[in-house]
1. Using a 10 angstrom cutoff on alpha carbons, build the Gaussian network for the chain and name the most mobile of 122, 20, 52.
2. Under the rule of -39500 (n - 2.57) per DSSP H run of 4 or more residues, summed and divided by the residues of the chain, what mean residue ellipticity at 222 nm is obtained, to the nearest 500 deg cm²/dmol?
3. About the Cα centre, and with charges only on the beta carbon of Lys, Arg (+1) and Asp, Glu (-1), how big is the dipole of the chain? Nearest 20 debye, please.
4. Comparing 33, 159, 111, which has the greatest mean-square fluctuation in the GNM of the chain with Cα pairs linked when under 10 Å apart?
5. Please state, to two decimals, what the Cα-based radius of gyration of region 56-102 comes to when divided by 2.2 N^0.38 Å (N = residues).
6. Please compute the length gained on full extension between residue 157 and residue 65, using 0.36 nm multiplied by the number of residues separating them and subtracting their Cα-Cα distance.
7. Where in the chain are the DSSP H helices whose alpha-carbon span along the long axis reaches 15 Å or more and whose Kyte-Doolittle mean is at least -0.5?
8. Hey, fewest Cβ within 10 Å first, where do 166, 21 land in order?
Amino acid sequence: MEAKPCIHSLTVKNSHVLPPDTNSHGTLFGGKLMAYMDDVAAIASTRHARTPVVTASTDSVDFLAPVQEGSTICLEAFVTWTHNTSMEVFVKAITENLLTGERHVCTTAFLTMVAIDENGKPTQVPSVYPESEEEKWLHEGAKERADYRKKRREESKTLAEKFGADFPWDPTSNRKA
């Protein structure tokens, strides 16, 4: 497979923030923003791999600025790094007040997407290479982030084993009821 530049997966999505998208504070629901982020990450990674993808993980999502009703939300995503069947996708969300032109980055995150074949099994992806200084900076830190994700995934598996799928459990005794 031939390596591709990061920019070839660039995906940009704009949405107008309407009342059904907002909470009681008149700001965009965090879950709605996360859904937008997952969508652009899926498009960017599919564009890179040219095969269907699934979301494997989302790194920390910190809400840096509110997104007000009536403003827009612009999401930008591109593949920053690949490893066998997975792709790290950087997503940046910017809110803009259309009347004043004021813009703020409201969140950034990394999502890990896995390419799948027609049987739903992970499949190989092309490697990616950075060209701009920002892409190089993201690419250089990707292996460390991937190692951290791997450790975090193991911790999540431990939690899943400890708490299991059965309900109810008694949180005061830390034992199943």
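Just so you know, all these numbers are worked out from the coordinates, no wet-lab data involved. No experiment lies behind these values; they were computed from the predicted model shown. FYI the Cβ positions are ideal-geometry reconstructions off the backbone, even for glycines, and counts take in every protein chain you see.
1. The residue with the greatest mean-square fluctuation here is 20.
2. On the way: 3 runs with 50 residues, N = 177.
The per-residue figure over the chain is -9500 deg cm²/dmol.
3. On the way: 20 positive and 25 negative charges, 104 e Å.
Rounded to the nearest 20 debye, it is 500 debye.
4. 159
5. On the way: Rg = 14.2 Å, N = 47, 2.2 N^0.38 = 9.5 Å.
Expressed relative to 2.2 N^0.38 Å, the Cα Rg reads 1.50.
6. Working: separation 92, 0.36 × 92 = 33.12 nm, distance 3.23 nm.
Going from the current span to full extension adds 29.9 nm.
7. Numbers: long enough: 30-49 (28 Å, 0.15); 142-163 (31 Å, -2.08).
Long hydrophobic helices here: 30-49.
8. Numbers: 166 8, 21 17.
The fewest-first ordering by Cβ neighbours comes to 166, 21.
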